[in-house]
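The block underneath contains the structure these notes are about, expressed in structure tokens.
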Amino acid sequence: MDKEFLTIALPKGKLLIDSIQLLSRVGIECSHVNEDSRKLFFDLPNSKVKIIICRPTDIPTYVEYGAADLGFVGKDTLLEENKDVAELLDLKFGYCRFVVAMLEASVPPKLPSGEYDLSGLNHQRVATKFPRVTETYFSGIGMQVTPIKLHGNMELAPCVDLAEMIVDIVSTGKTLKENHLVEVAPILEATTRLIANRVAYRMKYERIRDLVECLRKDLQTYGG
């Protein structure tokens, strides 16, 4: 194992630009890395780095099995995939929230605290891309639900009686509003995280530590 070279997995899609900008600011010149070329592997010998471009949901797997030493991945994906990786740093970008939402015509009554009373929704169906996160949340508040795994357009499910609720990630909440859905409970907030393969973290500790410190200082400087 070459302890000087690092292989870093970056996510396709909206997180890629922020990932590239962050790495470029800490001296890993990768501004030419993009999805447009359809190239998925980039060798950066001057920085002793290799970049691979992956589907966001696959990054924890690439890192867990050592195909990548490090990865940039949303906390939402990290929680759902539940892979055996080390979480090293909150990179502060890609902010979103996990929420429970329902059709505005079906929302439950509110408690004196101002929160919605979800207790009457026990054993109901929840459409989501995140069944593990969903079950963990509802179990934590003493409820059992039936997650229905969908891959997109979660907002449709309550409209066609596929599910009584959805659990999804939102940034502005605009899509919920457009589909007459109301947020009835927040679950957690998520941002992009730096993760590491556990063996690589030991074998390449100094190189990874130095990169983490550079990233940490950059985030402090730019107010990440």
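Read-outs: derived from the displayed coordinates by stated rules, not from any lab. What you are looking at is a predicted structure, and each value in this text was computed from that prediction instead of being measured. Here the Cβ is made from the backbone with ideal geometry for all residues, glycine too, and neighbour counts use every protein chain on show.
Quick notes on this structure:
- Distance between the modelled labels on Arg25 and Val160, one decimal in nanometres: 4.3 nm (7 Å Cα→Cβ projection).
- Each Cα pair under 8 Å and six or more residues apart adds its separation to the average, and for the range 115-160 the resulting relative contact order is 42 percent.
- Most to least packed among 77-84, 142-149 [average Cβ atoms within 10 Å]: 77-84, 142-149
- Alpha carbon centroid spacing (whole Å) that separates the range 36-98 from the range 172-224: 11
- Environment charge at Phe98 (Cβ cut-off 14 Å; Lys +1, Arg +1, Asp -1, Glu -1): -2
- Scattering from the range 1-128 was approximated by placing one identical point on each alpha carbon and applying the Debye formula without solvent; log10 I(q)/I(0) at 0.09, 0.19, 0.21 1/Å stands at -0.39, -1.05, -1.25.
- Charge dipole (debye, nearest 20) of the range 132-224; +1 at Cβ of Lys and Arg, -1 at Cβ of Asp and Glu: 700
- Helix 131-140 and the longest principal axis of the C-alpha atoms of the chain enclose an angle of approximately 60°.
- Short to long, the 10 Å bins of the Cα pair-distance histogram for the chain hold 8, 30, 29, 19, 12, 2, 0 percent of all pairs.
- The spacing between the range 102-130 and the range 152-169, judged by their C-alpha centroids, is 13 Å.
- Ellipticity at 222 nm from helices only: DSSP H runs of n ≥ 4 in the chain, each -39500 (n - 2.57), divided by the residue count, give -8000 deg cm²/dmol.
- Taking a Cβ cut-off of under 14 Å around Glu183, the surrounding Lys, Arg, Asp and Glu residues balance to a net charge of -2, with basic ones at +1 and acidic ones at -1.
- Label-point gap, in nm, between Asn34 and Ser106 - each point 7 angstrom along Cα→Cβ: 4.3
- Dmax and Rg, reported as Rg then Dmax, of the range 116-196 (C-alpha, Å): 12.9, 42
- Estimated FRET transfer efficiency when R0 is 30 angstrom, pair Asn46-Arg202 (beta carbons, to 0.05): 0.70
- Members of Lys14/Lys75; Lys39/Lys149; Lys14/Lys129; Lys110/Lys149 lying beyond 23 Å, as alpha-carbon distances in this model show: Lys39/Lys149; Lys110/Lys149
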